[in-house]
Every structure is written in structure tokens, then in C-alpha cells.
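Have a look at the structure below, then the notes.
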Amino acid sequence: MVELKDGPVTFTLYLDGREEAVKVVEPAMDVPLPEDGRLVVEEKEAVWCDVRFAFNPDSNRPYELHFRVLMGITYAADHLVVFGTSLADDKDLLNEYKMEIVARGGVMAWIEMTQGKARLAIKYRGEIP
């Protein structure tokens, strides 16, 4: 679980049935978002994001974000958002794709995807009520 100091927003990463705990005390940070790891972002009791990253090299759009919840909207089935182009050209692996997943109070978070991997980036301005 990633907890923002003095803030009610939590980021929980579920990997192979376990949680990783990291306290965010810096105004900016990033952490790996492993393939098939599940990220849940909550503010108090409300879920703002529930997402799983997958890299599908056989797809024309290989970077996949599978959302159960996005910006507080819950989906009955996974909401798939895809990025990238065919990997026939290896240069595409060097391109970077980003998607914002949280913009609440003083917290912004997004997922960055490149070279077949993903990272969660967080910026915290300390203005959460």
C-alpha cells in the first residue's frame, strides 16, 4: 500500500496475492507496475481506480490497461484501454504512452508505458483537505 503523508488517498498494489507497502513522503515518485499486478486507488472508502496492466506483443496495440474502476466510474466488465502500434517495428518499444488515472485535490497519478513495461507515477502537492 502506498500512503500519501497527511492525505486520505491510498494506492494499493496487489501482486501474487500480497500487498506492497510504501509511504510516499516525497512530492513526486514512481514505482513499477508489474504485468498482471492490480492497482487500486482509494480516497477514504471510495475507489477511484482499479486497474491491471498487461503487455500483449501479438496485438496491434500491445499496451493494455484493464479497468474495473476509472475516475470513480465502475464498469460491469473490464473497460479496456489500449496503446501502441504493431511491434513489427521495434522502434515502437521506445515510444512512451501515458494515461492519467487520478486527479484529486493535490494528487495526480498516471501510468507510463514503454519498452513493454509500465510504471505508476504520482505527484503530490500537499493540498489534500
Looking only at segment 39-59, count how many residues are surrounded by fewer than 17 Cβ atoms within 10 Å (Cβ to Cβ) and under 14 Å from His79 (Cα atoms).
-> 1
Would you please name the residue that is modelled with the highest pLDDT, looking only at residues in segment 16-31 that are surrounded by fewer than 14 Cβ atoms within 10 Å (Cβ to Cβ) and not acidic (Asp, Glu)?
-> Arg18
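Of all residues in segment 52-67, which are under 14 Å from the mean Cα position of the chain (by Cα) and of a type outside the set (D, E, K, R)?
Scanning segment 52-67 gives Phe53, Ala54, Phe55, Tyr63, Leu65, His66, Phe67.
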Select from segment 31-79 the residues that are of a type in the set (Phe, Trp, Tyr) and in contact with a Gly (Cβ under 8 Å, 6 or more places away or on another chain) and write down the one among them that is farthest from Arg119 (Cα to Cα).
-> Trp48
Considering segment 78-89 alone, what residues qualify as being in a loop (DSSP other than H, G, I, E, B) and either β-branched (Val, Ile, Thr) or on the phi > 0 side of the Ramachandran plot (or both)?
-> Gly84, Thr85
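The values are calculated or read from the model by the stated rules, or taken from the named source; none is laboratory data. It should be emphasised that the depicted structure is a prediction, and the values quoted were computed from it without experimental measurement. No Cβ is skipped: glycine too gets one built from the backbone with ideal geometry, and neighbour counts run over all protein chains shown.
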